[in-house]
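The values are calculated or read from the model by the stated rules, or taken from the named source; none is laboratory data. No experiment lies behind these values; they were computed from the predicted model shown. Glycine also receives a Cβ, built like all others from the backbone with ideal geometry; neighbour counts cover every protein chain displayed.
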Amino acid sequence: MEWYEPKDFKEWAKRLFAVRHLVLILFILGVFILELRLDWFEQIVGSYLVTTNSKRPESGTIWEMGHRTITARQTLDQIVTDRQFLKREARGATTFTQMTLNILPDKGIMLSSEDFRKIYLTLPQTIAQKIASPFEILRLFSDGSWVRTYLERTGDNLKIYLLNAHNRVLRELEIQSHLIEYIKRVEMALKGTLEDLPSFENRIYSADQFFAALETLPEEDLRSIVSQPEMLLRMPGHIVRVGISDEAVSGFIELGFEIEDGTGRKVILLKGREWAVWELRSYLEEKEIEATINVKTQNAWM
């Protein structure tokens with residue numbers, strides 16, 4: 001090894017092109033060419049990072065982006081799963097209440113026209129008429145223009161859009177919250193007894209008492225109390241008890257007719273005009289008072 005400074009260019013060239021220097025240059029050049037051809041350095045570094053990945057902290061921009069991507073994907077999967085579940089539940093619903101329970105606030109579900117038609121037909125005629133005319137439903141369903149139905153909640157109300165094959169709105173319906181609640185009560189009352197409905201508490205009479213009181217009223221007042229006797233006649237079984245609500249809404253009072261059909265009991269809800277129902281109830285209460293006095297009198301003589 002020559003430790004003194006070269007004196008001329010020849011000495012510089014001699015040292016620069018020495019065998020050791022050439023070997024070192026060729027070695028570095030070979031390594032560089034192999035790296036370009038085989039990417040061996042990246043592979044070694046990558047393998048090392050894989051083996052130490054579990055020990056390194058999950059921090060930094062890449063990790064955060066990865067976490068956000070995974071979270072977003074999981075959230076999206078959950079949304080899709082929930083929507084598919086709600087859609088299946090809504091399609092399998094057999095009552096209006098079951099269908100509305102699957103509609104989340106400010107969300108919507110899509111049903112076929114056939115699915116909605118089946119739900120519409122389960123409603124009592126007076127309620128179904130308030131939602132849409134049966135003749136209009138029949139026309140849209142028969143001519144094939146109505147293909148699907150979109151339902152969404154807007155606050156406490158429910159909006160229904162009858163759509164054609166191109167998602168053009170053929171008819172827009174809106175069901176107010178008070179009607180939704182009433183439908184729930186009606187469908188809840190389809191199975192069970194009058195005791196299941198708090199509004200009839202302490203105002204339940206036997207069928208004999210009710211119809212005996214009904215006979216005391218003029219013929220023209222009967223439909224003011226029982227507006228749809230034909231509905232009761234169509235029901236299988238016989239009426240065993242009648243409940244009278246204590247609440248008047250918009251000039252009407254609710255009556256519940258408990259029916260025994262051999263397989264169980266159910267309640268049919270109808271509405272009567274307030275003045276006529278109060279007249280009937282006054283008569284029933286007078287008869288109850290008379291019956292109570294007679295019982296007490298008989299007990300006193302015994």
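Any residue at all in the range 150-161 that is closer than 26 Å to residue 243 by Cβ, at pLDDT 85 or above and outside any helix (DSSP H, G or I)? Steps first, answer last, please.
Residues of the range 150-161 that are closer than 26 Å to residue 243 by Cβ, as a first pass: none.
For the range 150-161, residues closer than 26 Å to residue 243 by Cβ, at pLDDT 85 or above and outside any helix (DSSP H, G or I): absent.
Tell me which residues, restricted to the range 100-121, are part of a helix (DSSP H, G or I) and more than 8 Å from the chain's Cα centre (by Cα).
Listed by number, the residues that qualify are 113, 114, 115, 116, 117, 118, 119, 120, 121.
For the range 96-121, taking the residues that are without any contact (Cβ under 8 Å) to a residue 60 or more places away in the chain, among the hydroxyl-bearing types (Ser, Thr, Tyr) and surrounded by 16 or more Cβ atoms within 10 Å (Cβ to Cβ), the one that is nearest to residue 268 (Cα to Cα) is identified as 120. Scanning the range 138-163 for residues that are of a type in the set (A, V, I, L, M, F, W, C) and under 23 Å from residue 102 (Cα atoms) yields 146, 147, 151, 158, 160, 162, 163.
Screening the range 185-283 for helices (runs of 4 or more DSSP H) wholly inside it with 3 or more residues that are modelled with pLDDT of 85 or more and either touching a helix residue (DSSP H, G or I) at 6+ places or on another chain (Cβ under 7 Å) or under 30 Å from residue 99 (Cβ atoms) (or both) returns the ranges 207-214, 222-225.
Sub-6 Å Cβ pairs linking a first residue in the range 136-149 that is farther than 12 Å from residue 161 by Cα to a second residue that is among the aromatic types (Phe, Trp, Tyr), at least 6 apart or interchain, are 140/146, ordered by first then second residue. Has the range 65-77 got at least one residue that is in contact with a strand residue (DSSP E or B) (Cβ under 7 Å, 6 or more places away or on another chain), hydrophobic (A, V, I, L, M, F, W, C) and either surrounded by 13 or more Cβ atoms within 10 Å (Cβ to Cβ) or modelled with pLDDT under 85 (or both)? The answer is no; no qualifying residue exists.
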